[in-house]
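The values are calculated or read from the model by the stated rules, or taken from the named source; none is laboratory data. Just so we're clear, the structure is a prediction, and the values are computed from it rather than from any experiment. Cβ sites come from the backbone with ideal geometry, for glycine too, and all protein chains shown count toward neighbours.
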Amino acid sequence: MKARIKQIPLVRKLYWQLTKSIYERRFAHNGYGSFLGVFDNIDQAIQSAPKTKNIGYDSAELAQEYAQMLEDQNWEGSGRVIANYDYPVLFWLSQIINQDLGSSVFDFGGNVGVHFYAYRNYIDSLKDIEWMVCEVVEIAKIGRAIAEKRSISNISFTSTFEDIKDRNILIASGSIQYVDNLAQQLLGTKLPKHLLINRLPLYDGEQFVTLQNGGKVFYPQYVFNKAKFIAELNQIGYKLIDIWEDKHDSCIIPSHPEKSLPFYYGLYMQLI
């Protein structure tokens, strides 16, 4: 009953006014995964950020944290449990690789190689194909060190998006929301044949930017209009093959409930 009452617009507004200072204080410190504000662009979101954390992903401290998570959770071993949002990607990736034995992957925002290490326990052929991770400098540096330590030769790292030119599969899981316009980014390269985009914040309203508490840092991120996002990729030659709901992720903005997302999406698009 309490949750239903909060859905009434006037009640939601009053509730936010009463809890605003508490929420903002929590967001500024230990509110990992929470969101605050609606902005027209990235600069506005950055300017609004509390001074309690740094802005952005390119952090040596953050890179070391991801490396430790990889070791602690045994992401290379057969005991690695993947998330529910990974299964559609695994399904389509296996189909693509089976049809094209010369496949190679460009993993945009692939952290220290987490998708590579997890997915190869489910798709044997990943142990042989070339997998390139595109990451910020500090994360890429740690990723290379891990691969070298494990003597794995078919994963590499770059911080240059243009290196996608020789890859026929783009995987992007939880990373496209940090890019202004994916279609424009792709137009400057040789287009990959397959796009597997996961953990993507899409909704039916106008595009905006919000600020996320990422634990050690704050991240500005886009929330895209679903129809426009897909249409922009259609215009450069991609056809939507599949779309799925990602119930693991959400973007709840208490000050703007009408712009909150209860779930994200995943897409498979193919160049035609």
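When the residues of the stretch 109-149 are filtered to those that are in a strand (DSSP E or B) and under 20 Å from the mean Cα position of the chain (by Cα), which remaining residue is farthest from Leu93 (Cα to Cα)? Selected residue: Cys134. Just one of (1) closer than 22 Å to Ala118 by Cβ; (2) in contact with a strand residue (DSSP E or B) (Cβ under 8 Å, 6 or more places away or on another chain) fails for Phe161. It is (1). Among the residues that make up the stretch 150-157, is at least one of them within 20 Å of Ile241 (Cα to Cα) and either crowded, with 21+ Cβ neighbours inside 10 Å or within 19 Å of the chain's Cα centre (by Cα) (or both)? Checked the stretch 150-157: no residue is within 20 Å of Ile241 (Cα to Cα) and either crowded, with 21+ Cβ neighbours inside 10 Å or within 19 Å of the chain's Cα centre (by Cα) (or both).
On inspection, Val38 qualifies as crowded, with 16+ Cβ neighbours inside 10 Å, at negative phi, modelled with pLDDT of 95 or more and not in a helix (DSSP H, G or I).
Does Leu195 satisfy the condition of being assigned to a strand (DSSP E or B) and within 14 Å of the chain's Cα centre (by Cα)? Taking the combined requirement at face value, the residue satisfies it.
Being in contact (Cβ under 8 Å) with a residue 24 or more places away in the chain and under 23 Å from Asp40 (Cβ atoms) narrows it down to one of Ile241, Ile252, Ile236, Ile272, so name that one.
Ile252
When only residues in the stretch 173-189 that are among the polar types (S, T, N, Q) and in a helix (DSSP H, G or I) count, which is modelled with the highest pLDDT? The qualifying residue modelled with the highest pLDDT is Gln177. Does Thr158 fit the bill of being free of Cβ contacts under 8 Å to residues at least 60 places away in the same chain, more than 18 Å from Lys239 (Cα to Cα) and touching a Cys at 6+ places or on another chain (Cβ under 8 Å)? Answer is yes for this residue.
For the stretch 158-172, how many residues are part of a loop (DSSP other than H, G, I, E, B) and loosely packed, with under 13 Cβ neighbours inside 10 Å?
1
Restricting to the stretch 47-58, and then to whatever is under 23 Å from Val179 (Cβ atoms), part of a loop (DSSP other than H, G, I, E, B) and out of contact with any helix residue (DSSP H, G or I) (no Cβ under 6 Å at 6 or more places or on another chain), can you tell me which residue is modelled with the highest pLDDT? Checking each candidate, the answer is Ala49. Could you check how many residues of the stretch 214-255 are at pLDDT below 95 and crowded, with 16+ Cβ neighbours inside 10 Å? The number of residues fulfilling the criteria is 6.
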